[in-house]
1. Report the residue count in region B:19-39 for those that are at pLDDT 95 or above, of a type in the set (Gly, Ala, Ser) and surrounded by fewer than 24 Cβ atoms within 10 Å (Cβ to Cβ).
2. Name the residue that is surrounded by the most Cβ atoms within 10 Å (Cβ to Cβ), counting only residues in region B:141-163 that are over 17 Å from the mean Cα position of the chain (by Cα) and farther than 23 Å from B:PHE24 by Cα.
3. Taking the condition of being assigned to a loop (DSSP other than H, G, I, E, B) and facing another protein chain (nearest Cβ under 10 Å), how many residues in region A:124-150 meet it?
4. State yes or no: is A:VAL182 within 14 Å of chain B (Cβ to nearest Cβ) and surrounded by 24 or more Cβ atoms within 10 Å (Cβ to Cβ)?
5. List the number of the failed condition for B:ARG85; all other conditions in (1) part of a helix (DSSP H, G or I); (2) within 23 Å of B:SER19 (Cβ to Cβ) hold.
6. Considering every residue within region B:227-248, establish whether at least one is within 13 Å of chain A (Cβ to nearest Cβ) and in contact (Cβ under 8 Å) with a residue 60 or more places away in the chain.
7. Of the residues in region B:160-172, how many are more than 8 Å from chain A (Cβ to nearest Cβ) and in a loop (DSSP other than H, G, I, E, B)?
Amino acid sequence: MPDFIPLKTAIARSVTDGCSVALEGFTHLIPHAAAHEIIRQGRRELTLIRMTPDMIYDQLIGMGCVSKLIFSYAGNPGVGLLRRMRDAVENGWPVPLEIEEHSHAAMAHAYEAGASNMPFALMRGYIGAGLREVNPNIKTVTCPFTGEELAAFPALRPDVGIIHAAKADRQGNVLIEGILGVQKETVLAAKTAIVTVEQVVDDLQAHPNACVLPGWTIGAICEVPGGAHPSYVHGVYPRDNSAYVEWDEIAADRDRFQAWMQANVLDVDDSVFADRVRGLV
Amino acid sequence: MDYSANEMMTVAAARALTSDDVCFVGIGAPSAACNLARLTHAPGVTLIYESGTIGTEPNVLPLSIGDGELCETALTTVSVPEMFRYWLQGGRITIGFLGGAQMDRFGNLNTTIVGDYHSPKVRLPGGGGAPEIAVHAQQIYITMKQSPRGFVPRIDFFTSFGFGEGGEDRARRGIATKGPTRLMTDMAVWAPEPETKELQVVSLHPGVTREAMAASVGWEILYAEDVSETPPPTAEELEILRDLHARTKAAHAGRG
């Protein structure tokens with residue numbers, strides 16, 4: 001059974017300088033509150049892993065927490081580019097950022113390989129793709145049955161996997177509904193997992209084939225209402241699209257970015273998230 | 001009825017789809033085109049977004065590939081690994097819709113960087129699902145606006161593979177799918193020349209001249225033997241497309 005502990009405690013005991021962390025969420029269920037706690041604790045030289053790094057990774061990178069990023073699509077969905085990440089890649093600000101870039105299919109396969117305790121993943125892919133030439137972790141293996149060459153790449157085994165979900169029950173079992181992304185794979189591939197939830201309930205009321213992560217696969221459950229904002233939680237609150245649009249302007253300027261982070265992340269704690277979703281219906 | 005070049009592009013792209021298609025949809029222009037097709041002549045078209053939503057029928061266009069609307073209106077939603085393994089690599093997608101920041105005459109696309117990969121002038125979002133969509137969807141439709149910055153002789157990075165160097169390059173690399181069979185822009189409809197696979201203009205949108213075409217493309221354009229005029233958008237197509245955009249704008253305005 002996982003420990004039911006405050007987010008601050010969960011992050012402090014699992015996320016250490018230099019470790020690898022996957023905070024996943026495919027538009028949906030992005031663990032914003034957890035990312036902000038990592039920033040407040042001043043972690044450095046993290047390797048961040050995510051298929052779709054967006055606002056929280058822009059924030060972690062811009063605050064100098066990250067030395068390497070493993071990813072497949074880095075953008076602000078529906079808005080544009082990630083300006084803090086660009087500044088790090090193009091100008092090394094505030095610290096240089098090493099990147100290891102894959103395709104979505106490869107990242108998804110690599111999480112599955114991690115969850116399956118395999119050393120690498122393979123797929124029929126990366127054919128004619130330029131990433132093959134710039135990412136030395138993309139190699140080929142030959143099918144022993146047909147002789148076909150297939151793409152191979154290392155499994156993802158994050159030190160810490162962090163996701164958000166609508167609810168956990170009192171045994172720490174977590175229900176994931178709506179767009180599933182790679183939430184399950186992230187928890188099962190990681191050495192330890194932290195799940196922030198909207199609420200802890202008596203009964204998950206899950207149907208027999210629902211996506212449920214048993215409590216014994218999770219290290220810590222932290223109740224943080226609104227903890228995905230401005231991402232969304234299926235059936236609980238919608239995506240706060242305007243926040244993503246505003247982010248594009250905030251992140252465009254280093255000073256404005258730092259001032260925003262000071263006021264909205266460093267000077268507050270995770271209790272602010274409940275308020276942030278209160279007006280959303 | 002007056003219409004914009006953008007609307008012409010979306011309508012031309014929508015017309016290419018049929019009710020039998022199973023379509024892997026990207027955000028932006030492809031999403032508008034696919035949903036316009038579904039709301040007009042191709043009600044049976046199956047739309048799939050890479051967030052795992054299969055057979056989705058959104059009432060408004062999604063802002064992001066993982067919007068809740070896509071899941072709520074889908075037949076079913078699968079995990080992202082399943083999406084790429086069973087549905088895309090499994091060969092079940094008939095049409096993959098792609099766009100890009102740069103494209104060359106063989107439909108190779110770049111959405112990764114401008115400049116050198118290791119010290120880029122502009123770091124773009126990257127490929128996402130595109131590298132595998134480009135080789136596993138049975139056909140690729142490309143939709144993007146023409147401009148000298150976008151339609152370049154040599155792309156800076158091969159994010160997704162079109163016809164490579166042309167001719168039989170796909171087959172030589174063991175790719176069995178057809179590749180970019182159609183390109184719908186704001187000025188014309190293009191299709192590959194059967195032998196060389198260079199994209200050539202098959203129809204010009206109403207009012208578009210060859211001079212204007214030349215100024216918007218960074219190579220010497222190949223024209224098919226008989227270039228036709230793209231039929232303009234019908235009143236019905238325009239009305240449905242504008243309603244869709246109006247609903248989308250209202251839904252995405254302000255918080256939520």
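The values are calculated or read from the model by the stated rules, or taken from the named source; none is laboratory data. For clarity, every value in this text was computed on a predicted model and none was experimentally measured. Here the Cβ positions follow ideal geometry from the backbone for every residue, glycine too, while neighbour counts run over all protein chains shown.
1. Matching residues across region B:19-39 total 1.
2. It comes out as B:ILE155.
3. So in region A:124-150, the residues assigned to a loop (DSSP other than H, G, I, E, B) come out as A:124-130, A:135-138, A:143-148.
Pick out the ones that are also facing another protein chain (nearest Cβ under 10 Å) and you get A:124-130, A:135, A:148.
Adding up the residues that qualify gives 9.
4. yes
5. (2)
6. For region B:227-248, residues within 13 Å of chain A (Cβ to nearest Cβ) and in contact (Cβ under 8 Å) with a residue 60 or more places away in the chain: present.
7. Residues flagged as more than 8 Å from chain A (Cβ to nearest Cβ) and in a loop (DSSP other than H, G, I, E, B) within region B:160-172 amount to 6.
One line per residue, one yes/no per condition, for (1) more than 22 Å from B:LEU70 (Cβ to Cβ); (2) assigned to a helix (DSSP H, G or I); (3) in contact with a Cys (Cβ under 8 Å, 6 or more places away or on another chain):
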| position | (1), (2), (3) |
| --- | --- |
| B:GLU220 | yes, no, no |
| B:PRO232 | yes, no, no |
| B:LEU238 | yes, yes, no |
| B:ALA250 | no, yes, no |
